[in-house]
Structure formats: C-alpha cells, structure tokens
1. Beyond 24 Å between alpha-carbons counts as too far, so tell me which of K206/K268; K316/K482; K206/K246; K162/K350; K464/K484; K163/K438 fall in that bin.
2. Indicate, rounded to the nearest 5 percent, the antiparallel portion of the DSSP beta bridges found entirely in the chain.
3. Using 0.36 nm times the number of residues separating E391 and T454, minus their current alpha carbon distance, what extension gain do you get?
4. By how many nm would the segment from L52 to D64 grow when fully extended, if each residue of separation counts as 0.36 nm and the alpha-carbon distance is taken off?
5. Take the Cα atoms of the range 416-488, find their three principal axes, and give me the spread along each one in whole Å, biggest first.
6. Jot down the radius of gyration and Dmax of the chain, Cα atoms only, both in angstrom.
7. Based on Cβ point charges of +1 for Lys and Arg and -1 for Asp and Glu, what charge dipole magnitude is obtained for the chain about its Cα centre, in debye rounded to the nearest 20?
8. Computed on alpha carbon atoms, what radius of gyration and Dmax characterise the range 15-69, expressed in Å?
Amino acid sequence: MTNIIISFLSSFFITFIVGYLIKEQNVKLVEIIKSNAQNNTISIKERSQQKLIEIKDKYSKKNDSIQESIDLHLQTVESLESRYQQRIQRFQNISEKKHNIDKDLEKLTKSRKENLTRLITDLEKQSQTTSSDAKNQIIKELENQTNACLSTNLNFYVERQKKLANLLSQDILKTSIQRITAESSVDKSNRILKLASRNSFKKVMKFENLIKVLSETLNVEIEPLERENSFRVSAFVMWNAEIAKKVISKIALSMNFSEEKLQDTIIKAQNEFNKHLIMIGKKAASKLGLQNQSDTLYEVIGKLNYRTSFGQNILKHSFETGYLCSLIASQVGADPKVALLGGFFHDIGKALDQEVEGSHDVLGMEFLKEQGFPFEIYHPAHSHHNIVPIETVEGQIVVIGDKLSAARQGARTESLEMYLQRVQGLERIASESELVSKSFAVSAGREIRAYLNTHKSNDNDLQKVAKELVGKIEDELIYPGKIKVNVIREYQVSSIAKNK
C-alpha cells in the first residue's frame, strides 16, 4: 500500500514538473513568435512604402509621356483639319468648273443635234428615203453578209469533220476486220446421205412407200442415187432434212419396218435432233457468256446452224457479226457486251421464219422480248433492216457489223446467172417508169436507186413511184431476203457571177 502511494506521488510530481516545463517553454515560444511577427510587420511596412514611392514615380513618368502623346496627336489633328479644308476648297472649285463644262457640252450637243437633224432631213430629201428604211437596209445587208460568212464557215467545218469521221471510221473498220480471223462462214453441210453398203441401200429401197410417207410427213425431197448407194435429202426447212437422214439411217439398220414404226422413229429422231440443237445452243451461249437460259432459246440458237442466207451459215454469220460489233463498240465508246449480244441475236428470227409467218426481224424482236432480254439487245434485231428507226449506238453498230460479215470475201455464194438476172431486172423495172431518168442497182442487187426527172416530176411523185417499183419487183423478180427501193429527186439551181 505504501509503495503504491509513493509511486503515485512520484508520478504525480514528475507529471507536474513536466507540465510546468512545457508551460514555460510555450511562454518562451509565444514571446519569440510575437517578436518575429513585429519584425515582419515592420519590414513589410518598409517595403510597402518603398513600392508605393516607386509606383508614384512610374505613374508620374507615364502621365508625362501620355500628355506628350496627346499634344502630338492634337497637332496632327490640326494639320489634317487644315488639309481637309484645303481639299474642300479645291473640290468646290472643280465642281464649279465641271458645272460650266456641262453647260458648254449641253449647248454643243444641242447644236450638233440640230445640225444632225438638218443633215438627215437634207439626206432624206436627196435620197428620197427615210432614215428607218436606210437603217433596215443596212441591217439587212449586214445580216446577209453574216449569214453567208457563217454558211461558208459551217460548210467548211462540216466537210472537215466528215473527212475526219470518214478516216476514223475507215481505220476502225480496218482494225476490226483485221482482228477477225474466223474461218469461212459459207455453209458446208452435206445434203447427201451415203449408206454403208449396197445391201443397206437396197434394204431402204424395199420400203419405197415408207420413204414417200417420210417425205410427205417432213416435207422433204428424197432422191435415191443408186450408183453411189446414197440419197440426196433436201428441204426448205433444213433441220427437217437432217431428221429425215436420221430416219433413213435407222431404216437401213432395221430388218423389219412398218408405217407405225416409221411414225415412232420420226418422233424419236425429232427428239434426238432437238437435244442436238439444245447442245449446240448451249455451246454457243457459253461462248457469249450466257448461262441458265431456257431450252427454247438454246434450241432456236441451234437451229441457226441449219439455216443459210446466200449460202452463208447463219450461226457462223451471227458469231462474226457479234465479234465485229464488240470490236467496233470498244473503239467508239459504246458497250461491247451489248454490241456482242445485239450482233449475235440480230438474225435470230431466221430460225423462226421458216415455220412461223412473218418477217425475221419482227419475229426475232418478239422472241428475244419473250425470253426476257432488255431493249438494248432485242432492238438491233428489230431495226437492222431499218424497219424501225435505230435508237441506240449499239443498234447502228450492229447494222455495220452485219454488212461487214456479209460482204467479207467468200462469205456468201450465189450463181453469177441469178445475180445478173436480179441486177438487170431491177434496173429494167426502174427504167420502165416515165418519170425515172436513171437508175442503179447497188449493194449486190439488194438495193435499187431510181433518180426522177426534175422537170417532169414533183415531190408528190416520190411515194407513187416507190410503190409502183415495189409492186413490179415483187411480181416479176425472184430474190432472197429483201430489196430496198430508194427514189431520189434532186433540184439544182445554178447562177453565174459576172465581173463588173
């Protein structure tokens, strides 16, 4: 217990001493802080007074400089005001002079007008015409001179452009023809069916009555050639001749044959040949980049391989025309793909016109339209013989490509006798008209140009003579395709300029 009291007292005493020491220390710190604060306050006041003095000095100097600047500007303003007053005075002087000049000019103008009016009156009396008439006459003469000059320049530029266009077109045609290296498009299909042996020929000849039925069914002509053990099979519809040859070949291989079996054989041969046509059409379409087309289109394309015009195979002719059109289109800025398809399909109607009545250009247009081809593709088929106006650049290119393919050396065959008969017949028919002074057969006898006598005819006779010539050509001549009739009436006026 005593120890606890002693320890408590000792700790209390120590605490008291420590607290007293801390208090003394704090008193000393407070005094030090007070003295530092007083010293800082004194130094701050001194620096503030010093800065105030410096600011007053700067303000005084700045005020002096501003006053000097103000004085200088006042002097400048006074000088400008003086110059302004001088200029105002000068302007007033000039205005007075201008006013005087205007008065003089007005008097002079009035005097000149009076003189001019008097002069015009005197001139009108002497020339016995008014000033407005003279003015109109001068204007008319100037207009005539201007029109003559414009006409001369226009004719010059037109002729120059024609020459340039002619040279450019010749270069394009030469380039296109040189790049086409296709084989001859003359049809070389064999119309002779040669059998394997003499026995095969005799076997077919035993069924002579069936051969007649076959000929009547397919509308073909079958002529036996006994020496050669073969048959000549010909028909207006060439694919019927091919079907007939297939049927004859099957008869030659059969031991027994009847008329009922003949009908089945014809149907099978037709189906086989249709498949053959579709295969040809697919190969042709693949070359053109066409896919997923209908079998009807493939079949019609295949029929072009068994269709000719002037001895030219139409399928080969169509490919040639398409390639030529594509080359020309690529050189003139047209669409080569459209030109290719338009050129290939331009004669597609020739695979239809032997079985359907109508012109091949109209039939081709309708068929392509039914197959979903756009206007740019079926329009050339409709317009390449000018049955309707040509509305696209590719359509005009197809006309050129068609003529190039047809005119290519060796492309078409025709007997000289038939050609001369047609040309002479055309010129004879045209010359029989009293109104025709001269006529020429052109384009290998596919066009006749008749020139009317200017003094015996008028413009109303053009249509009359054209209809007359068309009727006579259709009645008197035999010709393939179409013949274009052009009736021309020229009216020329001549005058002579003499040296004055």
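Where a number appears in this text, it was derived from the coordinates with a stated rule and is not lab data. Here the structure is a predicted model, which is why all the values come from computation and not from measurement. Here Cβ is always computed from backbone atoms with ideal geometry, including for glycine, and neighbour counts include all displayed protein chains.
1. Numbers: K206/K268 22 Å; K316/K482 21 Å; K206/K246 18 Å; K162/K350 36 Å; K464/K484 15 Å; K163/K438 28 Å.
Too far apart for the 24 Å limit: K162/K350; K163/K438.
2. Values: 17 of 22 bridges.
So the antiparallel bridges amount to about 75 percent of the total.
3. Full-extension gain reported as 19.3 nm.
4. Details: separation 12, 0.36 × 12 = 4.32 nm, distance 1.83 nm.
Stretched fully, the L52-D64 segment lengthens by 2.5 nm.
5. Result, largest extent first: 38, 18, 18 Å.
6. 55.8, 174
7. On the way: 71 positive and 63 negative charges, 313 e Å.
In total the dipole reaches around 1500 debye.
8. Both quantities, over Cα of the range 15-69: 23.7, 78 Å.
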